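The values are calculated or read from the model by the stated rules, or taken from the named source; none is laboratory data. Bear in mind that the values here come from a model prediction, so they are computed numbers and not experimental data. Glycine also receives a Cβ, built like all others from the backbone with ideal geometry; neighbour counts cover every protein chain displayed.
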Amino acid sequence: MLFKKSSQLMKGLLMALLVLPMLLSALTASRQSAQAADNTDPVVSRIQKKGKLTVGLSADYAPYEFHQQVNGHDKIVGFDVSLAKAVADELGVKLVVQDMGFDALLGALKTGKVDMIASGMTATPEREEQVAFSNVYLRSPQVMIVNKDKASQYQSEGLSAFSGKKIGAQTQTTQEEVAHTVPGASVVALQKYPNLISQLTQGLIQGVVAEKTIAQAYTEQNKKLAMIEPHYQTDATGAAAVALPKDAPVLKEKTNAVIDRVTKNGDFAAWQKKANKQMFAGQHQSYLQKYGQYFLQGTGITLALAVVGVLIGTSLGTVVALLKLSSHFLLKAIGNIYVEYVRGTPLLVQAFMVFFGTQALGLHFSAFVAGSLAMGLNSAAYVAEIIRSGIDSVDQGQMEAARSLGFKHSQSMRLVVLPQAVRTILPALGNEFVSVIKEGSVISVIGVGELMYETGVVQGASFEPFMPLFITSMIYFILTFTISRLLGFAERRMNR
Ligand code: ARG
């Protein structure tokens, strides 16, 4: 009976879920045509209501967009940013820039996380099925970045030189497609440019397919690199355009008007010049002056993440431990399953699950909140084990003695067993804090600006992959070493 009812309910719900989007799109479509007349569309009115235009980009693409220290603060600059700013001005709103992986941009635009993409994106037919594109504002042919000592050989041999070799390209870009047309070569696709360049300089791959504008930037920064111009089989000239939501005819019109204006009146050329200059700005500054800020900020967030993670972890972990110790079969099972499941799956997977899962549930957590929640949920399983084994380590006789003195179970637990368990639990909890600090590095994948994330930023900004990693490893080491020393000290005092 109950089953029947609930299955009918499910059917009803499903129907509603299917019909609702249709109704909504019909509604917005009719609104669209009405609004186009008075010079607005759903997206423009949303932007104007918020008072800000959110632009998505992947800031690893100098001189289009890249991180730069401006007066000691990190800023995303480049001519894509200048263009976006001009569109924001046109709409009379503030500009907000959102940096993410290039392969995450289209999804962000389609789900309304960003209002437009200005990221040197080429309008391909597949992309045009999902989003709309403005007119093209910059063309750049595809070339290949190689190690300088091989450049003349590769240039004369042409594409056949790469047969049987590995070449790299950024994930989900037109460069990745071009790379696949190189006969006999196998393609290594990575999310961020600095990682491609580091594989190249280490000789793990032999070339990186890139647009000429980008290749020039890298070869000018890194004297060990050179650019060759192979004759690719496809005409894949990069043609940068702004990507827009499909239901935004007015936004598109306005964007095109801006592009038209700035390419004609010389503004765009000036932005390009400025971006090229900025790439080389600050060369007289020391490494620390240029990048110290990133590491500092990252360390702060890493510590904050660990503290919040451990707070959530210990509170939830205590509950889980009590579940595990419960004499009730179901509660015990829940506790056991939780611990086994969490300890048996990678934190990386859990972080993504919490990030996207909470979104699917309609909870729009920031990356930091989702990240610390993931850390907390993960840590809880380990803390639960620590607490359980702490309690188990107290001799059974203690509980029996307390009970025979007339204490209730809960009283004996609280007054006799727990105080003794704490002596084994506390040091182990300290170690857990140390591992939470290290494990937090995984959380960078969902875009939390912790130490590992900032390392990536510095790698991109400095065009150099190894040094930032080394510095980061030292910071982690100093953090964890100091904390475990302090804990050891506290432990010795407690034993006395
Ligand atoms: N033009 C290429 C494309 O559309 C690459 C763009 C990469 N942009 C970036 N910001 N990393 O696929």
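Only residues that are closer than 23 Å to E464 by Cα and among the β-branched types (V, I, T): list them for region 259-300, please.
Result: T299, single match.
Determine whether Y294 is under 28 Å from the mean Cα position of the chain (by Cα) and of a type in the set (S, T, Y).
yes
Among the numbered criteria (1) more than 14 Å from the ligand (Cβ to nearest atom); (2) in contact with an Asp or Glu (Cβ under 8 Å, 6 or more places away or on another chain); (3) closer than 18 Å to A461 by Cα, which single criterion is violated by L200?
Here L200 meets the rest and fails (2).
In the list L53, L106, L83, L57, which residue meets the criterion of being over 26 Å from A169 (Cα atoms) and aliphatic (A, V, I, L, M)?
L53
How do the pairs read when you match residues in region 149-172 that are farther than 30 Å from L105 by Cα with residues anywhere that are of a type in the set (S, T, Y), using Cβ under 6 Å and keeping only pairs 6 or more apart or on different chains?
Hits for this filter: A161/Y154.
Show the residue pairs meeting these rules: Cβ distance below 6 Å; 6+ apart or different chains; first residue within region 234-254 and basic (K, R) and surrounded by fewer than 22 Cβ atoms within 10 Å (Cβ to Cβ); second residue at pLDDT 95 or above and in a helix (DSSP H, G or I).
From region 234-254, the pairs are K254/E90.
So how many residues does region 152-177 have that are of a type in the set (D, E, K, R) and farther than 30 Å from A243 by Cα?
Here the count works out to 3.
Take the conditions touching a Gly at 6+ places or on another chain (Cβ under 7 Å) and either surrounded by 19 or more Cβ atoms within 10 Å (Cβ to Cβ) or not hydrophobic (A, V, I, L, M, F, W, C) (or both) and apply them to V97. Does it pass?
Taking the combined requirement at face value, the residue does not satisfy it.
Checking the conditions here, which among D60, D89, D99, D74 is more than 16 Å from the ligand (Cβ to nearest atom), in contact (Cβ under 8 Å) with a residue 24 or more places away in the chain and acidic (D, E)?
Being more than 16 Å from the ligand (Cβ to nearest atom), in contact (Cβ under 8 Å) with a residue 24 or more places away in the chain and acidic (D, E) holds for just one of D60, D89, D99, D74, which is D74.
Output the qualifying pairs, or none if there are none: Cβ atoms under 7 angstrom, residues six or more apart or on different chains, first residue in region 104-132 and over 18 Å from A239 (Cα atoms), second residue within 12 Å of the ligand (Cβ to nearest atom) and at pLDDT below 90.
A108/M100
Could you count how many residues in region 336-362 are modelled with pLDDT under 90 and more than 18 Å from the chain's Cα centre (by Cα)?
Selection size over region 336-362: 2.
Taking region 285-330 only, how many residues are hydroxyl-bearing (S, T, Y), assigned to a helix (DSSP H, G or I) and over 30 Å from F463 (Cβ atoms)?
Result for region 285-330: 3.
Per-residue answers, yes or no, for (1) closer than 19 Å to E220 by Cβ; (2) surrounded by 16 or more Cβ atoms within 10 Å (Cβ to Cβ):
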{"position": "D260", "(1), (2)": "no, no"}
{"position": "T263", "(1), (2)": "no, yes"}
{"position": "D267", "(1), (2)": "no, yes"}
{"position": "K273", "(1), (2)": "yes, no"}
{"position": "Q289", "(1), (2)": "no, no"}
{"position": "Y294", "(1), (2)": "no, yes"}
{"position": "G298", "(1), (2)": "no, yes"}
{"position": "L311", "(1), (2)": "no, no"}
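Cβ-Cβ distance below 9 Å, separation of 6 or more or different chains: which pairs start in region 476-496 with a residue that is within 14 Å of E432 (Cα to Cα) and at pLDDT 90 or above and end on one that is among the aromatic types (F, W, Y) and surrounded by 11 or more Cβ atoms within 10 Å (Cβ to Cβ)?
Close Cβ pairs satisfying both conditions: I483/F433.
Mind listing just one residue for me: the one in region 105-144 that is touching a helix residue (DSSP H, G or I) at 6+ places or on another chain (Cβ under 7 Å) and away from the ligand (no atom under 14 Å from the Cβ) and, of those, nearest to V258 (Cα to Cα)?
The extreme case among them is N135.
Evaluate region 147-161: report whether one residue or more is crowded, with 17+ Cβ neighbours inside 10 Å and within 12 Å of the ligand (Cβ to nearest atom).
The answer is no; no qualifying residue exists.
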